[in-house]
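One structure is given here, and the rest of the page talks about it.
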Amino acid sequence: MRIDIVSIFPEYFAPLEVSLLGKARRNGLLDVHLHDLREWAHDRHRTVDDTPYGGGPGMVMKPEPWGEALDTLAPAGGEVPRLVVPTPSGRPFTQALATRYAAEPRLLFACGRYEGIDSRVVEEARTRMPVDEVSLGDFVLAGGEVAVLVMVEAVGRLLPGVLGNADSVADDSFAPGAMESLLEGPVYTKPPVWRERPIPDILLSGHHGAIARWRRDEALRRTARNRPELLARLDPDALDAHDRKVLAEAGFPVRGEDMAH
Ligand code: ADE
């Protein structure tokens, strides 16, 4: 996959040289190109921002440098990238979106700063490429750079060959189809007792079925505790009697099946 990133702070992306993604880049699985927006600002000060029409605080990124950047990186006749613009006003970034992005041949990320990019840039880009405005969550960052780091990592680890163990992606919290949308439960490694805390006995039992059951119980309990709104999205038909018992004990009785028996 090819990824282009346009930012006034390309140095923000040094972490992409490290660890899993650094290795993926060196192995040719991920082709990341960083671009300084100021390359496309032609006045003496390489100005990329100006005051907002209609007044108000802060500055807005000028459309001209962005227009030229997109013309250069998504030229007519070339392979059209999907443009991804991080903004707190965007649609939520989810594991499902990361999975869809991982299937794209090209992504182009545009990092806004200040109060954002002149809205005509996205409007015009939509006439010639798919565009997503995407939010990481209900909080405000100082700019799109950290959001792009997050998205590139979430997408990059899904690319074939990037993770050592193919199974680790299927087991993720929020993985499409896997454990519905339950949070992953706790994990343990050696030593078996640490600071007088033993690991749960079941994990030493060798009973794979019982271990899977225990993991699901823990996932249900953790989801009830930390993300109760996710439980509402579970398909009641996909819950067995044991699931229902665990959820009821966690304070989330599920209606349905019990009545039928
Ligand atoms: N830029 C600033 N805040 C952001 C957020 N929450 N998500 C994505 N991009 C952002």
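The values are calculated or read from the model by the stated rules, or taken from the named source; none is laboratory data. Computed from a predicted structure; not experimentally measured. Here Cβ is always computed from backbone atoms with ideal geometry, including for glycine, and neighbour counts include all displayed protein chains. Surface accessibility is based on the protein's heavy atoms, side chains included, excluding ligands, DNA and RNA. Shrake-Rupley method; radii C 1.70, N 1.55, O 1.52, S 1.80 Å.
A few comments on the model shown:
- Across all directions, the average flat footprint of the convex hull enclosing the Cα atoms of the stretch 175-222 is 3.9 nm².
- For the stretch 10-105, trypsin sites (Lys or Arg not before Pro) are listed when DSSP marks them as loop and at most 15 other Cβ atoms sit within 10 Å of their Cβ; the list is ARG44, ARG46.
- Counting only protein heavy atoms and a 1.4 Å probe, the chain has 58 square angstrom of accessible area per residue.
- Between the listed residues PRO160, PRO192, GLY67, the Cα displaced farthest toward the positive end of the dipole of the chain, a dipole computed from Cβ unit charges relative to the Cα centre, is found at PRO192.
- Reported to the nearest whole Å, the Cα centre-to-centre distance from the stretch 194-242 to the stretch 24-71 is 46.
- Distance between the pseudo-spin-label points of THR47 and ASN27 (7 Å out from Cα toward the beta carbon): 4.8 nm.
- Proximal lysines to LYS190, defined as alpha-carbon separation beneath 28 angstrom and excluding residues fewer than eight positions away on the same chain: LYS23
- Restricting the stretch 55-133 to GluC sites (Glu not before Pro) that sit in a DSSP loop and have at most 16 other Cβ atoms within 10 Å of their own Cβ leaves GLU79, GLU115.
- Shape analysis of the stretch 29-96 yields a ratio of the Cα radius of gyration to the Kirkwood radius, Rg/Rh, of 1.03.
- With Cα atoms, 0 to 90° folded angle of helix 208-226 axis to the chain main axis: 60
- For the chain, the Cα gyration tensor yields ellipsoid semi-axes of 44, 22, 17 Å (square root of five times each eigenvalue, largest first, whole Å).
- Among beta bridges identified by DSSP and lying wholly in the stretch 73-156, the antiparallel ones come to about 10 percent.
- Rh by Kirkwood over Cα pairs, then Stokes-Einstein D for the stretch 62-180 at 1.567 mPa s and 4 °C, µm²/s: 84
- DSSP beta bridge pairing in the chain, given as percent antiparallel to the nearest 5: 20
- Qualifying trypsin sites (Lys or Arg not before Pro) for the stretch 179-228 [loop in DSSP, other Cβ within 10 Å: at most 11]: ARG195
- Cα-projected label distance for LEU230 with HIS208, points at 7 Å along beta-carbon direction, nm: 2.5
- Only protein atoms count toward the accessible area here, which uses a 1.4 Å probe; on the stretch 1-122, the carbon and sulfur part of that area reaches 52 percent.
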